[in-house]
Amino acid sequence: MANPWLIAGVVVGSYLLGSVSPSVFLGKLVRHIDVREHGSGNPGTTNAFRVLGVKLGIVVLVSDILKGLLPILVCRWLAFGPLASVGVGLAAIVGHNWSVFLRGRGGKGIATTAGVIIGLMPVSSLIVVLGFTVMILLTRIVSVGSLFATLVFVATTLVGRQPWPYMALSFCAAIIIFYAHRGNLKRIVTGKE
């Protein structure tokens, strides 16, 4: 079993990495704007595409995915068990959504969660991405695709009989993501999304 202090250090490092906002950084560096003052005001991937354009949006997307994937790869290298790896993955998601560098603000966690899933459950990640893509093609609404993909993630952990920490991750991630999308949910219900 890995040293608890080592696990704690990786959890903290994962949170700090998750807290780094590529959309805010690139917006200021390349476009000389703060993405939080444009579009939806959210410093996440979707608003980055909207405000910064496709090319920078893709860079932000890949960066946000890596924020979730890289800590999991570190966990594998250090031979962490499922529970410790899940803790590290959740720290990255929490960091993305409640960044210490953005005074507790952040994105909605979809891309960073995707990175965590890719690292922990590659097969499930393909199913989740497929569900996201299909729903986007059907509705043309990113938030609907994101929420549907989140439910698919929960379903794949249950149907696939993943280890209980992975099931716990899917439920915790779903709570975080649905909470972050609470405004979107209201607009979906009222037909204004």
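Which of the residues that make up region 60-82 are crowded, with 16+ Cβ neighbours inside 10 Å and either over 15 Å from the mean Cα position of the chain (by Cα) or among the small types (G, A, S) (or both)? Residues satisfying the conditions are S63, G68, V74, C75, F80, P82.
Restricting to region 142-193, name every residue that is among the aliphatic types (A, V, I, L, M), under 21 Å from G87 (Cβ atoms) and in contact with a helix residue (DSSP H, G or I) (Cβ under 9 Å, 6 or more places away or on another chain).
So the first thing to find is which residues in region 142-193 are among the aliphatic types (A, V, I, L, M), and the list is 142, 144, 147, 149, 151-152, 154-155, 158-159, 167-169, 173-177, 180, 185, 188-189.
Keeping just the survivors that are under 21 Å from G87 (Cβ atoms) gives 154, 158, 167-169, 173-177, 180.
Matches in region 142-193: V154, L158, M167, A168, L169, A173, A174, I176, I177, A180.
For beta carbons closer than 9 Å, sequence separation of 6+ or different chains, a first residue in region 158-181 that is open to solvent by 60 Å² or more (accessible area, probe 1.4 Å) and assigned to a loop (DSSP other than H, G, I, E, B) and a second that is at pLDDT 95 or above and not charged (D, E, K, R), the qualifying pairs are R161/M167.
Counting the residues of region 46-94 that are at negative phi and free of Cβ contacts under 8 Å to residues at least 24 places away in the same chain gives 8. Here is a list of conditions, (1) open to solvent by 10 Å² or more (accessible area, probe 1.4 Å); (2) over 13 Å from L102 (Cβ atoms), and G57 meets all of them except one; can you say which number that is? Only one criterion is unmet by G57, namely (1).
Among the conditions (1) open to solvent by 20 Å² or more (accessible area, probe 1.4 Å); (2) closer than 21 Å to V59 by Cα, the only one that G104 does not satisfy is (2).
Being of a type in the set (F, W, Y) and farther than 13 Å from Y15 by Cα holds for only one residue in W77, W98, and it is W77.
Would you confirm, using the coordinates I've provided, whether T133 is more than 23 Å from S21 (Cα to Cα), open to solvent by 10 Å² or more (accessible area, probe 1.4 Å) and in a helix (DSSP H, G or I)?
Working: more than 23 Å from S21 (Cα to Cα): yes; open to solvent by 10 Å² or more (accessible area, probe 1.4 Å): yes; in a helix (DSSP H, G or I): yes.
Yes, satisfied.
For first residues located in region 22-45 and under 16 Å from S99 (Cβ atoms), partners that are of a type in the set (S, T, N, Q) and open to solvent by 30 Å² or more (accessible area, probe 1.4 Å) and lie 6+ apart or on another chain with Cβ distances below 7 Å form the pairs P22/S63. The single condition among (1) in contact with a Gly (Cβ under 9 Å, 6 or more places away or on another chain); (2) under 24 Å from I136 (Cβ atoms); (3) touching a residue at least 24 places away in the same chain (Cβ under 8 Å); (4) open to solvent by 20 Å² or more (accessible area, probe 1.4 Å) that V11 does not satisfy is (2).
Within region 85-101, which residues are under 26 Å from W164 (Cβ atoms) and open to solvent by 20 Å² or more (accessible area, probe 1.4 Å)?
Just the residues of region 85-101 that are under 26 Å from W164 (Cβ atoms), to begin with: 85-98.
Matches in region 85-101: G87, L90, V94, W98.
In this structure, M121 does not satisfy being over 27 Å from G41 (Cβ atoms), surrounded by fewer than 19 Cβ atoms within 10 Å (Cβ to Cβ) and at pLDDT 95 or above.
The values are calculated or read from the model by the stated rules, or taken from the named source; none is laboratory data. Since the model is a prediction, treat every value here as computed from it, not as a measurement. Cβ coordinates were reconstructed from backbone atoms using ideal geometry, including for glycine residues, and neighbour counts include every protein chain displayed. Note: accessible area is taken over every heavy atom of the protein model, side chains too, but ligands, DNA and RNA are not part of it. Shrake-Rupley method; radii C 1.70, N 1.55, O 1.52, S 1.80 Å.
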